[in-house]
Structures are given as C-alpha cells and as structure tokens.
Amino acid sequence: MVSTEAYLLLGLALFTIGVIGVLTRRNVIIMLMSIELILNAVNINLIAFSRLWGDVSGQIFAIFIITDAAAEAAVGLGIILAFFRNRTTVLADEMDMLKW
Amino acid sequence: MDVTHILFGVFAVMAVVSAILMVTTRNIVHCAVFLITTLLATAGVFLLLQAEFLFVTQIILYVGGIMVLFVFVIMLVNLDVSLRQVQFNRQTWVAVLLAAVLGAQLFIALWLGRNALRLPARAELIAPKNTEAIGQVLFQRYMLPFEIASILLLVAMIGAVVMAKRRV
C-alpha cells in the first residue's frame, strides 16, 4: 500500500506546476487549463486524506470541486469567447482596456 | 514493492511529465491533449485510492465534458495566429521563482507534519461499496450543499449561454 505522503507529494507537484502555468503563460485558455490542473491536485489531496481517515467526506468534497470546475470552465470559456469576438485576442497582457 | 507501488509510480510520472509538457508546449491543442493525459493519470491514482466513483466521474466529467468544451473553444478562436505569438509573458522567471518558493513551503509543511500521517489503516470503512457510501453521505449529511451545487450549475449554464450569445 502506497503511503499517504506519496499522494500528497504528487498533489504538491501538480499544484506547483499549475501555479507556474497560471503565472507564466500569456494565453488565457491555457491559464484556465492550469486552474483545472490546480483543482485536480487538490482533489488528489482530498481523496488521499479520505483514504487515510476512512471517511467518504473527502470524496464528497472532491465531487463538489469537480462541479465547481465544470461551472468555472463553462463561464470562463464563455467570457473568453465574448472577449475574442470583441477584441480578437486571447492573450492576457493585451487585455488592457482598464489600464491607463 | 508490490503492484500498487508500480502502478502508482507509472501514474504519478505520467501525470507530472504531461503536466510539465502542458505548461511548456507551444501548440495549444497539444496543451489540451497533455492535460487530458494528466487527468486520466489522476483518475488512475483515484482508482488506487479506492475511490471508484470519483474515478468514473473524473473520466466522464473532466475528460468527456470539460475538455471537449476547451477543445471547442480552442477551435473557435483562431489557431494559426496564436501559434506565431510569444507564449510566455515577461515576468516568467519571477513567476517560476515564486512558484518554486511556494512549492518549497508546502513541502516543508508536509515534511514537518509527516508524523501526523501515521494512522492505523482503516480502509475497510470505505473499501467495499464506495458508490453506496458516497450516495448515503451525500444525500444525508451533505444534502444542502448538494442542492446549492445544483443551483450553481444552473447559474453557470445561464451565464455561459448569455456570455457566448452574439448580441447581448
């Protein structure tokens, strides 16, 4: 049986890679995908702890996180589509209408 | 060194390598494919953790639902222009440094608290009937959050339709 630390380390690695993706990429769609990666890493942690404690509550929270990820992806991609229709760009540093 | 260790190693390496490739690849369609690989490897990790319901949910919802949405949006925004643009922004190295510091902090926290993870194994509580246990807890103890999540999904659906409509 694999120890809980291994799962937590996997979650940590995926979380850090996701943070790097959000902070460094210019394309907003890839930033959204990195956010999905971060949520996924959190799910690994929750399910590992659920296994450790022998309680399914962690898995319930993972289900809620997957629900939130679906809602976030739908609304975020809708916003990206609307923005692309107005400005024809999906790059984060070209979205500077509020910058003076 | 039994079969679960080997499977965990395979899934973990697959997840981390394809996550790194997803963050660094230039072509956005390749990014989506690498993210799908990461999500499938994570589903395998869920299966190793005896969360069978979440294994199926991960594949159906993430890989079959959310990623299809992503690929559709990638097709709708123009691909050829974005291939020739610079993919990383100017603060890349600062961002990588900050993320590394964050990862190191989390690792130190994990290292300091590793003794709290030594619990007697109580796997038999969730092992045999995972979906039944999830259903009972979800519809008894977490009934109100479940309903709120359904309202959230409704709001997100309406929001996505309004956002993607041609004339508001």
_Using alpha-carbon coordinates, inclination of helix A:57-87 to the longest axis of chain A, degrees_ = 10
*Compute the long axis of helix A:4-24 from its Cα atoms, compare it with the longest principal axis of the Cα atoms of chain A, and write down the angle in degrees, 0 to 90, nearest 10.*
10
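For a quick check: sort A:W53, B:W111 by the number of other beta carbons within 10 angstrom, fewest at the front.
On the way: A:W53 15, B:W111 9.
Starting with the residue having the fewest Cβ neighbours, the order is B:W111, A:W53.
Using only the Cα atoms of the stretch B:1-71, build the gyration tensor, take square roots of its eigenvalues as a ≥ b ≥ c, and label the shape rounded, prolate or oblate: rounded if a/c is under 1.5, else prolate if a/b is larger than b/c, else oblate. List each step's numbers first, then the result.
Details: a/c = 4.41, a/b = 1.37, b/c = 3.22.
The shape class here is oblate.
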_Exercise: per-residue mean of other protein chain Cβ atoms within 10 Å, B:159-165_ = 6
*Compute the signed sum of charges (Lys and Arg +1, Asp and Glu -1) over the other residues within less than 14 Å, Cβ to Cβ, of B:C31.*
+2
*asked:* I'd like to verify something in chain B: which complete DSSP H helices, judged by Cα projection on the helix axis, reach 27 Å or more and average at least -0.5 on the Kyte-Doolittle scale?
replied: B:3-24, B:28-48, B:92-112, B:143-164
_Magnitude of the charge dipole, the protein assembly as shown, Cβ model with Lys/Arg +1 and Asp/Glu -1, debye to 20_ = 680
_How tilted is helix A:28-53 with respect to the longest principal axis of chain A? Cα atoms for both, answer in degrees (0 to 90, nearest 10)._
10
*How much net charge surrounds A:F64 when only the other residues with a Cβ under 14 Å from the Cβ of A:F64 are counted, with Lys and Arg +1 and Asp and Glu -1?*
-2
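Net charge around A:S34, counting only other residues with Cβ within less than 13 Å of its Cβ (Lys, Arg = +1; Asp, Glu = -1)? The partial results should precede the final answer.
Working: positive: A:R25, A:R26; negative: A:E36, A:E72.
Taking every other residue near A:S34 into account, the sum is 0.
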*Take each of the peptides A:89-100, A:54-65, B:33-44, average the number of other beta-carbon atoms within 10 Å over its residues, and list them starting from the highest.*
B:33-44, A:54-65, A:89-100
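Each reported figure results from applying straightforward, stated rules to the coordinates on display, with no laboratory input. What you see is a predicted model, and the numbers here were worked out from it, not measured in a lab. Glycine gets a Cβ as well: all are built from the backbone with ideal geometry, and neighbour counts include every protein chain shown.
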